[in-house]
1. Running a GNM on the chain with Cα contacts under 10 Å, which residue among 282, 142, 171 ends up with the highest mean-square fluctuation?
2. For each of 84, 34, 207, 28, count neighbouring Cβ atoms within 10 Å of the residue's Cβ, then give the residues from fewest to most.
3. Please arrange 218, 274 by counting, for each residue, the other beta carbons lying within 10 Å of its beta carbon, fewest first.
4. As a test, work out the antiparallel percent of DSSP beta bridges whose residues both lie in the chain, rounded to the nearest 5.
5. Could you please rank 88, 213, 132, 19, placing first whichever residue has the fewest other Cβ atoms within 10 Å of its Cβ?
6. If I fit a long axis through the Cα atoms of helix 296-306 and take the longest principal axis of the Cα atoms of the chain, what angle between them do I get, 0 to 90°, rounded to 10?
7. Pairs of alpha-carbon atoms within less than 8 angstrom and 6+ residues apart define the contacts here; what relative contact order does the chain have, in percent?
8. Using just the helices of the chain, give the 222 nm mean residue ellipticity in deg cm²/dmol: DSSP H runs with n ≥ 4 each add -39,500 (n - 2.57), and the total is spread over all residues, rounded to 500.
């Protein structure tokens, strides 16, 4: 059976991350973990001591909607491939959890070894015009590493950019960048940032990014929520020279449509068990979960899929 390499991007709840790893662990699985630079890695390493788990050294200060999230994912990819890992690579967050048994997940990947699973559509199909423009045509500039502390700046707004420079809101390099025309160097594609790729695809992505680093980084570093475009766009660029590339919808279930969530993904609780367990054969994981909000739903999923009464 092929190996499954889980790439985990985490920033909180070491106990929950430990639990996630415990549920996915088998003789065929390995884990590479990126801990947000703002978080204490010692809290995670103290909670998780396992020879199959590697905490990567190259860490990013991950900011919401920022290129740092793409860089963190690339760091995970580089760490796993540097260890000569192969097989199936699955990108998850610390707020994901399996909604199928470990045996089912492993059999699914074995039966679909040649397939890649990622949401991938032209951006015109993914976002309305205003949202699309805010991502691709403007400069997302962070004032700090806090979630909402940023500005979306139109290109070549010299006076506005100069005021930000004088106030110390941006540095000189960023000021110069914003004076450039915002050219989009290639067709853009988007979708969810959670994916499951085989070795051949991941290796091709790594090689392409290294060969085209300057072009990719120069554009995407100012794209809002670029983690929802970067890998999709790279895969489509690769597809130009390889028509055999195969990709299917992603395997992670997310509920974006519940009322009173203000266009945010639902954080599941014990009342959502039926919704989660009734997902189709091609949904292996779900998000979001938060053990500080409701841990009972994790207990119920464990009982359903892992014959575990409670997590110790």
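1. 171
2. 84, 207, 28, 34
3. Fewest to most other Cβ atoms nearby, the residues stand as 274, 218.
4. Rounded to the nearest five, the antiparallel share is 40 percent.
5. In increasing order of surrounding Cβ atoms, one gets 213, 132, 19, 88.
6. On a 0 to 90 degree scale, this one is about 60.
7. Dividing the mean separation by the residue count of the chain yields 21 percent.
8. Per the formula, -11000 deg cm²/dmol.
All of the numbers you see were taken from the coordinates with simple rules; none came from a lab. If you're wondering where the values come from, they're calculated on a predicted model, not measured in any experiment. Don't worry about glycine lacking a Cβ; one is built from the backbone with ideal geometry, like all the others, and counts go over all protein chains shown.
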